[in-house]
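Everything below concerns the one structure shown next.
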Amino acid sequence: MKKTALGLMIITVAAKIFGFVRDITLSYFYGVSYISDAYLISLTIPMVIFEIIGTGIKTSYIPVYSLIKKEKGLNLANKFTNNTINFIIAISSIVVVVVLLYTVPIVKLFAVGFEGSVLSLVVCFTKISIFAIYFYSLIYIFSGFLQMKNNFIVPAIMGIPLNFFIIIFIVISSKYNIVFLSIGTLIAVLAQLIFLIPFVYKKGYRYKFILNMKDYYLKKMFFLAIPAILGVSVNQINVLVDRTIASQITVGGISALNYANRLNLFIQSIFVMSIATVMYPMISKMAAERNIDGLKKAISECISFINFLVIPTTIGSMIFAKPVVKLLFGRGVFDTNAVSMTSYALFFYSIGMIGFGLREILSRTFYSLQDTKTPMINAAISIIINITLNIVLSKFLGIGGLALATSISAIFCTILLFVSLKKKIGSFGMKNITISFMKNLCASLGMGLVASYSFNYLTTISSENLSLIISIIIGVLTYFIMSYFLKVDDIDTIVTFVKRQLKKDTKLHLK
């Protein structure tokens, strides 16, 4: 599993580069302005609405599909897929009508601080972007379907056509009309769906209009999805709360939080989601077969591997928040104030990286066991903590307080999930996980000291951007060397994977 996840990480990095180019393009032309704020809020509305509905359904779809395939066979499982798709399209249609009828109050709910021309611009954008919910619904189910068929690569790279079209339309909007921002995003999401369809078809999927609201398995999925909706979408709800308060703190606050959160999510997508994507179908199958020992082993390996990858990234992000933001976004109208605001938020988001990562793994473990109630309760606690801390910390730390509130709530609720999972399935190697965590932390702190010293020295003899890149390379090498001497188990997995890839490359070269 670890080797599959490593391969997926490499592919994800390549795909996510396009996402960064998109964000850099947006920051170049619009910086942290009212236009970028309006655009991002208009994207947030359909995304949050469908993340709440679609992600919950997708999460419950995978274990239910596994159960149907085991009990009833492949044909009925595929019929269930069609029934699910048509059910979500029907829900999406209702959502679209409601948003079109009540656009203004819905926009005000998402951005309390917007008024006048800014509010009008968000309303205009939202009336276009809301139709993307149809495409998102199919993308969520199709990507889950492919993962069930052990095709992880296509869902990982489907962001490439999405970001390609968004970049093109950002440039077009800057030259002609800003409305092209929303039109381009709608076309980009459609392109993502079109990209998926041939691969889904190749895996045996055939569309048929089946809409049976009384189907037992649809009901089962729906009832599993209700609590999963809160459990899976807690990040989206927290982002919504952050942006709503940010719209009242300062102009450009939403954009600064967005860029900082993008960097945070970039790391999550590469490390955490790569592992979670490979793990989830596998442990869902184990749960359906009642293979609890295998499930425990898989969870323990996933947690240790995430600690190995995310802890050093957390330390690095905190140390190099400002130079990283400056390197990636510091051009065009993205001025020094924008760099300061974004790096300030990134520093506090970084604190919660390990919480975000482990919560994703633990939540999916509960979903595989068809327990969506526990993550739901955990999500509710997280939201309450986040909102309370948002109000308090934003008064002292501004937008940094919003990011810190999200991080604290993520860490606290992850600890609660650990306790709940141990009660549910018994011990799953917490002693080994703790030892591994401490080794990773020691190696990461050592890495941070070496990288920070290298950066401070190199900036006296070279440019800041070049110094940053060299310091990161030195930091990574330091971390791997220290991990090797501390006998961290995950080093062996990476070394074996690299050797295997080098052998493949050598064979291809010889041919």
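The values are calculated or read from the model by the stated rules, or taken from the named source; none is laboratory data. Since the model is a prediction, treat every value here as computed from it, not as a measurement. Glycine also receives a Cβ, built like all others from the backbone with ideal geometry; neighbour counts cover every protein chain displayed. These accessible areas exclude ligands, DNA and RNA; they are computed on the full protein's heavy atoms, side chains included. Shrake-Rupley method; radii C 1.70, N 1.55, O 1.52, S 1.80 Å.
One table, with the values for the structure above:
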{"item": "Carbon and sulfur %, accessible surface of the range 363-454 computed with the full protein complex present, 1.4 Å", "result": "74"}
{"item": "Solvent-accessible surface ranking, highest first, for Val95, Val476, Val64 at 1.4 angstrom", "result": "Val476, Val95, Val64"}
{"item": "Heavy-atom SASA rank of Ile383, Ile275 (probe 1.4 Å, accessible area, largest first)", "result": "Ile383, Ile275"}
{"item": "Backbone HN-Hα couplings from phi across the range 165-175 [Karplus 6.51/-1.76/1.60, Hz, Gly and Pro as x]", "result": "6, 4, 4, 4, 6, 5, 5, 4, 4, 5, 9"}
{"item": "Nearest-10 value in Å² for the accessible area of Met341, using the 1.4 Å probe", "result": "30"}
{"item": "Two-site FRET efficiency, Cys124 against Val21, from Cβ-Cβ distance with R₀ of 25 Å, rounded to 0.05", "result": "0.45"}
{"item": "Stretchable slack from Val179 to Glu464, in nm (0.36 nm times residue separation minus alpha-carbon distance)", "result": "98.9 nm"}
{"item": "Solvent-accessible area of Thr460 with every protein chain in place, 1.4 Å probe, in Å² to the nearest 10", "result": "100"}
{"item": "Estimated inter-spin distance, Tyr102 and Thr388, nm [label 7 Å along Cα→Cβ]", "result": "2.9"}
{"item": "Computed over the range 263-393, Cα set: Rg, Dmax in Å", "result": "17.8, 56"}
{"item": "Pairwise centroid distance, computed over Cα atoms, of the range 338-377 with the range 145-192, Å", "result": "25"}
{"item": "Accessible heavy-atom area order of Cys442, Cys302, highest first, probe of 1.4 Å", "result": "Cys442, Cys302"}
{"item": "Whole-number accessible area per residue in Å² for the range 78-190, which is evaluated in the context of all protein chains at 1.4 Å", "result": "39"}
{"item": "Long pairs among Lys149/Lys219; Lys127/Lys395; Lys285/Lys424; Lys72/Lys422, criterion Cα-Cα beyond 29 Å", "result": "Lys127/Lys395; Lys72/Lys422"}
{"item": "Computed lengthening from Lys422 to Glu289, 0.36 nm per intervening residue step minus Cα-Cα distance", "result": "45.9 nm"}
{"item": "Calculated FRET value between Leu397 and Lys70, using beta carbons and R₀ = 35 Å, to 0.05", "result": "0.10"}
{"item": "Peptides ranked, highest mean first, by Cβ atoms within 10 Å: ranges 80-88, 283-291, 305-313, 255-263", "result": "255-263, 305-313, 80-88, 283-291"}
{"item": "³J(HN,Hα), Karplus 6.51/-1.76/1.60, whole Hz, each residue of the range 323-330, x for Gly, Pro", "result": "x, 5, 4, 5, 5, 7, 10, x"}
{"item": "Net length gained if the chain between Ser117 and Leu445 were fully extended (0.36 nm per residue, minus Cα distance)", "result": "113.3 nm"}
{"item": "Accessible area (Å², 1.4 Å probe, nearest 10) - Ser340", "result": "50"}
